[in-house]
1. Residues in segment B:144-154: is at least one closer than 18 Å to B:Gly187 by Cα and among the polar types (S, T, N, Q)?
2. Looking only at segment A:93-104, count every residue that is within 7 Å of another protein chain (Cβ to nearest Cβ) and either open to solvent by 20 Å² or more (accessible area, probe 1.4 Å) or assigned to a loop (DSSP other than H, G, I, E, B) (or both) and tell me the total.
3. Would you mind listing the helices (runs of 4 or more DSSP H) fully within segment A:105-183 where at least 3 residues are free of Cβ contacts under 8 Å to residues at least 12 places away in the same chain and open to solvent by 50 Å² or more (accessible area, probe 1.4 Å)?
4. In segment A:218-232, which residue that is within 11 Å of another protein chain (Cβ to nearest Cβ) and open to solvent by 10 Å² or more (accessible area, probe 1.4 Å) is farthest from the chain's Cα centre (by Cα)?
5. Restricting attention to segment A:157-170, and to residues there that are in contact with a helix residue (DSSP H, G or I) (Cβ under 7 Å, 6 or more places away or on another chain) and more than 11 Å from chain B (Cβ to nearest Cβ), which single residue is modelled with the lowest pLDDT?
6. Restricting to segment B:31-86, and then to whatever is of a type in the set (S, T, N, Q) and modelled with pLDDT of 85 or more, can you tell me which residue is surrounded by the fewest Cβ atoms within 10 Å (Cβ to Cβ)?
7. State which residue is surrounded by the most Cβ atoms within 10 Å (Cβ to Cβ) when the search covers only segment A:78-92 and only residues that are free of Cβ contacts under 8 Å to residues at least 40 places away in the same chain and over 22 Å from the mean Cα position of the chain (by Cα).
8. So which residues in segment B:34-85 are within 14 Å of chain A (Cβ to nearest Cβ) and of a type in the set (Phe, Trp, Tyr), if there are any at all?
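The values are calculated or read from the model by the stated rules, or taken from the named source; none is laboratory data. Because the structure is predicted, anything quoted here is derived from the model rather than measured. Cβ placement follows ideal geometry from the backbone for every residue including glycine, while neighbour counts extend to all protein chains displayed. Keep in mind that these areas ignore ligands, DNA and RNA; they rest on the heavy atoms of the full protein, side chains included. Shrake-Rupley method; radii C 1.70, N 1.55, O 1.52, S 1.80 Å.
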Amino acid sequence: MKRLAGWMLASPATLAITFLLVIPVAITVGLSFGSPGQGDWGIVQPYADFFASGFRRNVLWRTFTVAGWVTVISLAAGLATAYVVARCPPWMKSTLIVLAVFPLLTGVVVRSFAWLVLLGREGMVNQILQATGLTDGPVAMLYTPGAVIVAMVYIFVPLMVLVLVGVLENIPEDLLQASSSLGAGPVASFFQITLPLAVPGLIVGAVLVFTASFTSYATPHLLGGTRQMMMGTFLQQRALVAFDWPGAAVVAAIMLAVIVATVLVMTRLARRLNPMAT
Amino acid sequence: MTTRIHPLLILFTLVVYVFLLGPLIIIFGASLSDTTYLTFPPQGLSFRWFQNIWDISAFRRTIVTSLQMAFLGTGIALVIGIPAAYALNRYRVALPAWLSTLFVLPILVPEIVIGFSLLRSVTVQAGVPVWYALLIGHTLLVIPYVIRVVSASLASFDFSIEEAAISLGSPPAKTFFTIVLPNIRSGVIAAFILSFITSINDVSVSLFLTGPGVSTLPIQLLAHMEQFFDPTIASVSVVLMLLTILVMIIVERTLGLAIVAK
């Protein structure tokens with residue numbers, strides 16, 4: 001009886017996700033494989049083709065490095081900021097949180113566009129560089145990996161700050177008081193108490209930022225263009241410009257595999273590294 | 001907490017916040033410029049780029065579509081997501097554990113992969129009209145948010161209140177609407193707002209599901225940027241930011257912003 005009631009209530013969402021997400025995505029993954037008799041590699045021939053192409057390998061590698069840098073920089077900046085925010089007096093803390101939520105709620109297109117304006121030939125960054133005499137002429141900053149990284153860090157730092165403020169607030173204050181009463185300075189307390197306890201939260205933040213930047217489209221499209229293609233922009237180009245659907249399916253399947261592997265490995269790691277777990 | 005924070009750390013935090021908010025202020029300034037190209041600081045002062053949003057029919061049309069997708073998609077997601085969240089909490093032991101994993105799949109699977117797969121299966125193979133395919137995409141996208149936020153609020157709901165009402169003779173469906181729903185109201189509102197914002201800002205799913213005559217505002221913004229680099233984009237961005245501020249004020253008044261921070 002309970003079983004039936006539970007299934008009846010859960011069935012619309014279950015059916016919707018199964019038929020409109022699981023099956024279509026499974027079809028895409030299926031499409032990414034070739035036919036058994038084809039080429040030297042049989043059904044994995046399309047993947048062999050993907051990795052045989054220097055251009056495609058570059059796209060994948062660039063996506064990994066950009067997402068990696070974005071994750072590392074966002075973690076460092078986010079942790080330092082969250083550390084200060086979590087220790088502010090309450091009124092200031094809530095103001096700082098509101099100021100971090102605001103950019104988070106603003107669309108990715110708008111936030112990427114801001115950097116398109118800032119980093120352009122006539123943009124503010126170039127104006128400042130020339131006014132201070134650091135460079136003679138305008139520097140070409142758009143359509144470089146650096147531009148994509150800066151804009152993505154900009155997009156993901158608020159998320160990281162909010163995740164980590166929550167994590168740092170959950171660390172019992174008694175532990176820090178105990179460590180300082182036992183003679184540890186703030187730096188020692190940070191590295192011996194706060195950081196180890198924050199590791200599971202840091203991993204959650206890192207996974208969120210890595211997966212989101214690995215699969216993003218708008219930012220690499222606007223700031224990387226066709227010169228600095230990443231997996232997201234390459235998938236769009238294969239599917240909607242070249243109409244190479246099997247090729248697009250391979251890109252989609254690789255993205256999916258990277259994301260699922262990252263999430264599985266990192267959640268397992270988070271569980272193992274959690275000092276509070278028994 | 002009264003531990004002293006190193007001044008350098010405070011300075012760094014200040015820099016991070018300037019980095020976070022500076023670019024948005026620059027967009028605001030650029031939208032008021034009287035020039036035909038984007039520039040900051042603005043030269044002259046004019047609201048004509050705001051007028052321009054209304055004059056370009058593509059913007060008018062896509063704003064309407066975006067609002068339709070956000071309201072309808074979120075509405076449908078609430079109608080199918082709330083019962084699912086309820087079932088997950090009320091009948092947890094009777095339902096398989098993989099069900100909650102299934103419900104987070106729309107967040108786990110990259111949005112761009114979902115968009116591409118829907119284009120292939122729903123638009124091309126099943127022949128579903130573009131507008132409906134787009135609605136399907138937006139609904140799927142927000143279901144996990146609805147289920148997660150509503151579940152969180154059901155987790156602190158005391159189901160014995162519901163049992164008391166039922167044992168006093170109230171029919172289950174009526175009990176849900178008169179007892180359960182009012183108690184999880186703040187969760188439902190939070191789920192609505194979070195979903196609405198996710199839907200209105202979405203690029204990666206919509207990218208593949210827009211077609212001739214049917215597009216959303218973010219996709220139209222990208223298309224406009226390919227051709228023009230005038231302050232219209234900045235003024236649209238400002239309108240979107242003002243909308244965001246409005247939403248934040250409403251949230252603050254009704255629920256407190258702590259809900260969004262989670």
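1. yes
2. The number of residues fulfilling the criteria is 4.
3. A:124-131, A:173-181
4. That would be A:Gly225.
5. A:Val167
6. B:Ser57
7. Among those that are free of Cβ contacts under 8 Å to residues at least 40 places away in the same chain and over 22 Å from the mean Cα position of the chain (by Cα), it is A:Val84.
8. B:Tyr37, B:Phe40, B:Trp49, B:Phe59
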